[in-house]
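Here the structure is laid out as structure tokens; the discussion comes afterwards.
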Protein chains: 2
Amino acid sequence: MATKPTETITTSQDYRMCPRFEHATQLLGKRWTGLLLDTLMVGPRRFCELTATVEGLSDRVLSDRLRELESEGIIERIVYPQIPVRVEYRLTEKGRDLRPVVQAIHDWAEKWILLPQALDGNNTTEEEEL
Amino acid sequence: MATKPTETITTSQDYRMCPRFEHATQLLGKRWTGLLLDTLMVGPRRFCELTATVEGLSDRVLSDRLRELESEGIIERIVYPQIPVRVEYRLTEKGRDLRPVVQAIHDWAEKWILLPQALDGNNTTEEEEL
């Protein structure tokens, strides 16, 4: 019978008084946000590099996500005053601190998420040249 | 100038060929799912215990989330054949393996997410008696 709690984590008792956790999960769970953060962990990226790398992401949605992440203080927009002007997006310290979260999700997904194309073995329709 | 990638994580190169990461972030980011997982990390819970603990969660939405998590193999529904019948939801091994993810989000949110009521100091309107 598994009627008794068998495991605890120290912070689990706090969530009713503290919606931080819910705020964070919803922020991270928005479509594309996880992949954007994952991409920016590698280094700063220009707008066009992000659309090229994150397949299926439209300019409009990318703009929305970048604006949201910027307003949350997770990324910053760097403008290099050259001609033509160069704009890059990079993680702030708050954003870089998400590395353990991104890595933990990666580890879990690698272990547990099975996809039809993975089972097929060699379905590479989602790949394209950069 | 921060035009060169300065950091890498080993799995970041894979996402274009592997949507596991995106699947995982979207799953975890659905409203209430994070809090439900957080609650179930403590131990198995009955339906009514979940609605009582996760404030603002309606029966209909809870049903949807539990069904989704069950279909993903993250939780299981345990029926105890007694009168009245007792039904509990508990994490599977796949679900328990999300502990590092939940903990990493907790750690990040505790450090970085500031809320208006936290700034007010003692706004406890979201608390209620169980």
### Qualifying residue in segment A:13-25 (condition: among the aromatic types (Phe, Trp, Tyr) and either in a loop (DSSP other than H, G, I, E, B) or at pLDDT below 90 (or both))
yes
#### Entry: Options A:Arg60, A:Arg77, A:Arg65: the member that is assigned to a helix (DSSP H, G or I), exposed (fewer than 15 other Cβ atoms within 10 Å of the Cβ) and at pLDDT 85 or above
A:Arg60
### Task
Would you check which residues across segment B:71-114 are without any contact (Cβ under 8 Å) to a residue 40 or more places away in the chain and of a type in the set (Phe, Trp, Tyr) and list them?
B:Tyr80, B:Trp108, B:Trp112
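Might you check whether a residue that is under 15 Å from A:Arg20 (Cα atoms) and either at pLDDT below 90 or at the interface with another protein chain (Cβ under 10 Å from one of its Cβ atoms) (or both) occurs anywhere in segment B:44-54?
Within segment B:44-54, the first condition is being under 15 Å from A:Arg20 (Cα atoms), and the residues that meet it are B:54.
Remaining after also requiring either at pLDDT below 90 or at the interface with another protein chain (Cβ under 10 Å from one of its Cβ atoms) (or both): B:54.
Yes, segment B:44-54 contains a residue that is under 15 Å from A:Arg20 (Cα atoms) and either at pLDDT below 90 or at the interface with another protein chain (Cβ under 10 Å from one of its Cβ atoms) (or both).
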### Summary
Of the conditions (1) within 12 Å of chain A (Cβ to nearest Cβ); (2) farther than 19 Å from A:Thr25 by Cβ; (3) of a type in the set (Ser, Thr, Tyr), the single one that B:Ser71 does not satisfy is (1)
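Determine, yes or no, whether B:Val61 is in contact (Cβ under 8 Å) with a residue 40 or more places away in the chain and not aromatic (Phe, Trp, Tyr).
Answer is no for this residue.
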### Query
A:Glu55 passes all but one of (1) surrounded by fewer than 20 Cβ atoms within 10 Å (Cβ to Cβ); (2) more than 16 Å from B:Gln26 (Cβ to Cβ); which number fails?
(2)
### Residues (modelled with pLDDT under 95, at the interface with chain B (Cβ under 9 Å from one of its Cβ atoms) and more than 14 Å from A:Gly34 (Cβ to Cβ)) located in segment A:80-106
A:Tyr80, A:Arg86
### Message
Just to verify a result, which residue in segment B:22-46, among those that are aliphatic (A, V, I, L, M) and buried (at least 21 other Cβ atoms within 10 Å of the Cβ), is farthest from the chain's Cα centre (by Cα)?
### Response
B:Ala24
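The values are calculated or read from the model by the stated rules, or taken from the named source; none is laboratory data. Since we're looking at a predicted model, the values are computed, not measured. Cβ: placed from backbone, ideal geometry, glycine included. Neighbour counts: every protein chain shown.
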